[in-house]
Structures are given as C-alpha cells and as structure tokens.
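*Asks:* For reference, the structure I am asking about is given below.
The values are calculated or read from the model by the stated rules, or taken from the named source; none is laboratory data. These numbers were taken from a predicted model, which means no experiment stands behind them. Reconstructed Cβ throughout: ideal geometry from the backbone, glycine too, with neighbour counts over all protein chains shown. Protein only, heavy atoms only, side chains kept; ligands, DNA and RNA dropped before computing areas. Shrake-Rupley method; radii C 1.70, N 1.55, O 1.52, S 1.80 Å.
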Amino acid sequence: MSKIDKSIFKAFDYIKANDELKTTLLNLNNKSSSKKNKIIKIVGGLASLTAVVAFFIFFQRMWNIIDFQRPITNNTNPIVTDTTDNKPSLPKIAFEFKQDGQGFGGVMLKNVIEFIGDNPILGMEDEVKELPVYKNPYYVEAIKPMENNANDDEEIDPMKIKEKYLEKQHSTENIDIDSLRNKSKSIIDAFGFNPKSDEEILNGSFGGVPSSLITKGDDYTIDVGNNGSVRIFFKNSISHPENLNYDDAIEKNKELVKFYYNIYKEKLKTITGLYYDGIKTSCDYTYNGDPIVRSYLYSKIQEDSLQNKILSYNFNTLSMDLDNSGNLFGISIIENTLNEKNKIGDYPVISKEEAISEFKNGNFAPNFLIKDEDLQMAQIEGIELNYYNQSNIQNYVPVYTIYVSFGEKLEGYYDDSKLPNGLKTYLIFYVPAISKDYLNGIEFETKFN
C-alpha cells in the first residue's frame, strides 16, 4: 500500500465515511494515479532521449577535436604537423649511411681546401635556410640470399630459399630494358660508333638485381644504368697534345678535362641536353706523396640561388676518365634525376655551428667505432654543405661533410709520422643537415669485405 492510500484510509476514519463514499473516493484516486504514471513515463522518456542526444553531440565534438589533433601519417614516416612555430608539415626522414668495408673514410691532404675548394657555396652555408629532399627513383632493395617467409614452426628448406633467390636475382621487373637500349642507341649515333657487332649484357648489382645494360661494339663499350648513369669506354684511348703540360698536378688535371670535354662537347649535349660549364676538383695523395687528382664537370643551369648552386654541384655531373698518362679512356655521366615528382619537400637546414655541435655530441655517421676519448681530441679542419647521394640509398639527403684530424696518430687507423712532410690524414664524417624536428634517426649499413 502506498503512502497516498494510507493517507486516504486515515481520512475515512476521521470523517467517518460510509461504504458508498469510500468506493467513490478510491475510484477517483486510482484514475488520478494512472494518469500520473503515464505522465511520469512520458517525462522520463523525454529526459532519456534528451540525455542520449546530448551525449551524442558531446561525443561528436570530442571526436572532431581528437581527429584534428591526431598526427597525419603516410605509410611509414610520421609527419610533423606542429604549426605553432610555422613548421611545415613534412614526413620525417631517416639518414641512410652505407659503406663498403670497415672503419672510416679518409683522405691524405696538404690542406682540406684541395678537396673542397670548388664548392660554390663554401663559406655561405648559413645563408641556406632550406634544401629539398628527393626520393631516389632508381632505388632497388638488395636481395638477401637467406630470405625466407616460412613460419617459425615450419622446416626451412635451403634449396627452396636458393631457388627463390636465384629467381629474383635474374628478374627484370625493376629495369626498363627498352629504355636503356634506346639510350645506348642514342649514344652510338651521337659518337658515330660502328654498331655492326653489338653485344648486349644485363649487368647485376645491389644483391644481384639487374641494374644496367652493357652494349659492346668493335671500338666501344657502353654501360647504361637504371639509375641515370652512363659510362662510355673507348677501345683506344685518346691522347692529348704534348704541349698541354703543367707542373701543378691539379691545374694539369683541370686543363686535360677541359681539353677532352671540348672535343665531345656537342656530342654530349645531344645525349644529355646540357653544357657542363662548372668544374670541381678533389685531390688525394699516395703514401709516397704522389697526388691523385680527380676533376668533374657539372652543369651550372639555373644557378640563380644558393639552393640551385648546391643541386648543380652535386647532380648533373660528368667526368672525363683519364689513365696515369693523362689519356682519355672513357666518359662517365650522371644525369639529373631530380624533379617535382620525386621531391618529398623543402626541409629546414641547420647552421654550420649546429652541425659542429651535433658532431661533438656524437650525432654523425659513421660513429659506431669511434671512442669518446678520441672524439674529445677531434679537430675539425673543414666543413661543407652538400648531398649524400649514393646510388643505393632511398632518399637524397643534404648533409654537412666534416673533415676531422685526430692528431698525428689515431690508433688502429693511421699514423701520420710515416707520411712525407706536409701530408696529413683527415677522416670524413657526415651530419644530416636537415633540422632534427624532421630527422628520423641515422641508419647504418656496412658491408665487411
């Protein structure tokens, strides 16, 4: 019995109601309760519906906020989306360092300027605020001979693995043979070679994947690479005039390169569409103190900015290949593969001082063998801004190349006390030039021969 019913029966006793009056009053109460319950149910339903709608609106608004704040990603690389400091949204890039052999790269020089003196932006690095990063359109992942997709509980069959490896090794899916053949033909036509006895060979590298087409004739061999490279070898070397003689080895090499280039200048333009009007020379020395000079030509097209100067200096290069007597035995061409399609973006570049600081903090490549005590005595003798653009890396990334001396002797690597007077050993290290906000670490791959 409800509290209301109890109250009614108390009222009956108080007014001394007869049976007829009691029945009438109770019927009125029941009708009133029924209506009230209906009203309560309707009000309750409306309240529940309002709560659901309110919760839905709240959830939708919160999802939109979360979705807006969630970082955008592509397949593998997170993208920097923080725009509070006007940072552009760019995927993070890992700097790949790859080398053959153990230890560090190095050169023996009288002065670092002999190696980097032709860099067109030397001394102006801090004026460069950003540089583009490009995908390498010709990158092919090396095939691993022991690749196996079997589950852990499956027995590994070495013969099946070998068959799979050999099948991939001879695959031509990553090479456009017709394109390479057309390129080779254009070279034969430009140079007027005799094509009567052509022989074609697919040349493999990077784990055995075919990467170039070699065409051999009576008086030439042409190697056209899938990475934009071309090498032309002459059966008979081209000699230079006797009066082209210089006492200075660097100047002599430069003049020889210019001499031979002028012979083939128009033929080469037919192939590449470019004139090569810039020259860069690097010098190294033997343990006996004899100079080893290498000069490269590069095209100065669109050098209207420091950024384009760097790109021209590092890409679109050509070398006249000389033997020890200064005679020309071949020509090597690296064509520009940079375009908007392969461009990942323009990345903020750190300053020279920041690069030196990163080096001192151990953020460089290769750093897997250097000791902390050796790093403390490192003397930075030279630094230049350029590109790490080896053919077997995924992306072309700008770097600061740093030339370092560790004193007269670095145990296990060099001893300058045994060198001719005036020579000094410099080890070479690389610091990624893009801002750390966009750097996804440094990756190492070293092959020990």
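*Asks:* Is there a residue in segment 285-298 that is surrounded by fewer than 13 Cβ atoms within 10 Å (Cβ to Cβ) and in contact with a helix residue (DSSP H, G or I) (Cβ under 9 Å, 6 or more places away or on another chain)? Please lay out each step first, then the result.
*Replies:* Here is the first cut: in segment 285-298, the residues surrounded by fewer than 13 Cβ atoms within 10 Å (Cβ to Cβ) are 286-288, 290.
From what's left, in contact with a helix residue (DSSP H, G or I) (Cβ under 9 Å, 6 or more places away or on another chain): 287, 290.
Within segment 285-298, one or more residues are surrounded by fewer than 13 Cβ atoms within 10 Å (Cβ to Cβ) and in contact with a helix residue (DSSP H, G or I) (Cβ under 9 Å, 6 or more places away or on another chain).
*Asks:* Of all the residues that make up segment 190-225, how many are more than 24 Å from the chain's Cα centre (by Cα) and modelled with pLDDT under 85? Don't jump to the end; show me each part of the working.
*Replies:* First, the residues of segment 190-225 that are more than 24 Å from the chain's Cα centre (by Cα): 190-203, 213-223.
Checking which are modelled with pLDDT under 85 leaves us with 194-203.
Here the count works out to 10.
*Asks:* Can you give me the number of residues within segment 299-312 that are open to solvent by 30 Å² or more (accessible area, probe 1.4 Å) and either at negative phi or touching a residue at least 40 places away in the same chain (Cβ under 8 Å) (or both)?
*Replies:* The number of residues fulfilling the criteria is 9.
*Asks:* Just to be sure I understand, how many residues within segment 354-386 are within 23 Å of Glu130 (Cβ to Cβ), assigned to a helix (DSSP H, G or I) and in contact (Cβ under 8 Å) with a residue 24 or more places away in the chain?
*Replies:* Of the residues in segment 354-386, 4 are within 23 Å of Glu130 (Cβ to Cβ), assigned to a helix (DSSP H, G or I) and in contact (Cβ under 8 Å) with a residue 24 or more places away in the chain.
*Asks:* Also: Kindly evaluate Asp415 against the criterion of being charged (D, E, K, R), at pLDDT 90 or above and surrounded by fewer than 17 Cβ atoms within 10 Å (Cβ to Cβ). Break it down stepwise before answering.
*Replies:* On the way: charged (D, E, K, R): yes; at pLDDT 90 or above: no; surrounded by fewer than 17 Cβ atoms within 10 Å (Cβ to Cβ): yes.
It is false that Asp415 is charged (D, E, K, R), at pLDDT 90 or above and surrounded by fewer than 17 Cβ atoms within 10 Å (Cβ to Cβ).
*Asks:* Can you pull out every residue in segment 429-449 that is modelled with pLDDT of 85 or more, touching a Phe, Trp or Tyr at 6+ places or on another chain (Cβ under 8 Å) and open to solvent by 20 Å² or more (accessible area, probe 1.4 Å)?
*Replies:* Selection gives Tyr430, Ser435, Leu439.
*Asks:* Still on this structure: Residue check: is Lys309 under 23 Å from Ile271 (Cα atoms), in contact with an Asp or Glu (Cβ under 8 Å, 6 or more places away or on another chain), at pLDDT 90 or above and not hydroxyl-bearing (Ser, Thr, Tyr)?
*Replies:* So Lys309 passes the test.
*Asks:* Then there's this: Within segment 293-305, can you find the residues that are modelled with pLDDT under 90 and not charged (D, E, K, R)?
*Replies:* Within segment 293-305, Ser299, Ile301, Gln302, Ser305 meet the criteria.
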